[in-house]
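Asker: My structure is below; once you've seen it, I'll send some questions.
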Amino acid sequence: MSVNGKTGIVTGAGSGLGEVGAKRLAREGAKLVVADRYLDRVERVAEEINAAGGQATPLAADVTNFEDAQRLVDTAVAAYGGLDIAFNNAGVTPRLVTVHEIDNQDWLDVVNVNLTGVFHCMKAELAYFVEHGGGAIVNMASTAGVMAHPLRAAYSASKHGVVGLTRSSAVEYAQRGVRINAVAPGPIDSVSASGLPTEVRASLAAKTAMNRMGQADEVAALVNFLLSDQAPFITGSVYEINGGQTQL
């Protein structure tokens, strides 16, 4: 699944699925700008990628600011001579709460990162792709973007928005050399999940038909495929990767 030689951006690359996704793309030969709100996190990730023989440039970026999203594209072009692929992964997960108890600022914070942040990145990326012959984008959605998630209405709304943005923009740019897809993970055994109590992890696993949590590298493999030259006829799709959770 070749992304070898491609130049890319990964947001939210300082931990979790973003970090694992960036390292997978780098192993496959992609040259990356790895971005996160916290510079020390992506400096570590970039150091580990470079030490393993890959190429990565760390950058502090807040995707709620369009100027930062544009700077991601500009940095990729300056560092590597262009931009071919993007994994728009940055996101936040709010506390569990019913709708009438959601703090207004909490709502705005979630939507600004999870949805507006993806829009900002896509806006900058697409402008470059249109002028330079195309590219490929994968956006981070969630099972919460394709089904109900009680007590996570803000998160679910933001991820449903990512799904709609992905599908609509894919049609707009399909004949301009740009492919746009999304991945929608279910329960994933990431770093953040590793500290959960055993009974909570068992409950999450039980939500899937396979009765297990997914692995971060399983999501990274799907992202890598969708960004690679092996998926030339795939666009506008939202890939659920949840062990059959949405079929139960």
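The values are calculated or read from the model by the stated rules, or taken from the named source; none is laboratory data. Bear in mind the structure is a predicted one, so any value in this text is a computation, not a measurement. As a convention, Cβ positions derive from the backbone with ideal geometry for all residues, glycine included, and neighbour counts pool all protein chains shown.
Asker: How about the range 136-157: which of its residues are closer than 19 Å to Ala86 by Cα and either surrounded by fewer than 23 Cβ atoms within 10 Å (Cβ to Cβ) or not hydrophobic (A, V, I, L, M, F, W, C) (or both)? Steps first, answer last, please.
Answerer: Within the range 136-157, the subset closer than 19 Å to Ala86 by Cα is 136-142.
Listed by number, the residues that qualify are Asn139, Ser142.
Asker: Quick check on my filter: what residues within the range 4-26 are crowded, with 24+ Cβ neighbours inside 10 Å and in a loop (DSSP other than H, G, I, E, B)?
Answerer: Passing the criteria: Thr11, Gly12, Ala13, Gly14.
Asker: For the range 39-61, check the following and say yes or no: at least one residue is touching a residue at least 40 places away in the same chain (Cβ under 8 Å) and within 27 Å of Asp189 (Cα to Cα).
Answerer: In the first step, residues of the range 39-61 are kept if they are touching a residue at least 40 places away in the same chain (Cβ under 8 Å); the result is 61.
Within this subset, residues satisfying the condition of being within 27 Å of Asp189 (Cα to Cα) are 61.
Taking every residue of the range 39-61 in turn, at least one turns out to be touching a residue at least 40 places away in the same chain (Cβ under 8 Å) and within 27 Å of Asp189 (Cα to Cα).
Asker: Let me ask you something else. Which one of these is acidic (Asp, Glu) and either within 19 Å of the chain's Cα centre (by Cα) or modelled with pLDDT under 95 (or both): Asp74, Asp84?
Answerer: Going through Asp74, Asp84 in turn, just one is acidic (Asp, Glu) and either within 19 Å of the chain's Cα centre (by Cα) or modelled with pLDDT under 95 (or both): Asp84.
Asker: Does any residue of the range 75-85 turn out to be closer than 29 Å to Thr143 by Cβ and of a type outside the set (Gly, Ala, Ser)? Walk me through how you get there before you give the answer.
Answerer: Keep residues of the range 75-85 that are closer than 29 Å to Thr143 by Cβ, which gives 84-85.
Narrowing the set further to residues that are of a type outside the set (Gly, Ala, Ser) leaves 84-85.
Within the range 75-85 (the criterion being closer than 29 Å to Thr143 by Cβ and of a type outside the set (Gly, Ala, Ser)), the answer is yes, since at least one residue qualifies.
Asker: Need the failing condition index for Asp189 against (1) touching a strand residue (DSSP E or B) at 6+ places or on another chain (Cβ under 7 Å); (2) at pLDDT 95 or above, just the number.
Answerer: Failing condition for Asp189: (2).
Asker: Looking at the structure I just gave you, is Val118 free of Cβ contacts under 8 Å to residues at least 60 places away in the same chain, among the aliphatic types (A, V, I, L, M) and within 18 Å of Gly12 (Cβ to Cβ)?
Answerer: Answer is yes for this residue.
Asker: Given the residues Thr98, Thr143, which is the only one that is hydroxyl-bearing (Ser, Thr, Tyr) and under 26 Å from Ala221 (Cβ atoms)? Let's see the steps before the verdict.
Answerer: Details: Thr98 fails: under 26 Å from Ala221 (Cβ atoms).
Result: Thr143 is the single residue among Thr98, Thr143 that is hydroxyl-bearing (Ser, Thr, Tyr) and under 26 Å from Ala221 (Cβ atoms).
Asker: Here is a follow-up. Here are the criteria: (1) over 18 Å from Glu172 (Cβ atoms); (2) surrounded by 23 or more Cβ atoms within 10 Å (Cβ to Cβ); (3) aromatic (Phe, Trp, Tyr). Tell me which single one Phe129 does not satisfy.
Answerer: (1)
Asker: While we're on this one: With respect to the numbered conditions (1) in a loop (DSSP other than H, G, I, E, B); (2) at pLDDT 95 or above; (3) under 17 Å from Leu222 (Cβ atoms); (4) aliphatic (A, V, I, L, M), which one is the sole condition not fulfilled by Met1?
Answerer: Looking at each condition in turn, Met1 falls short on (2).
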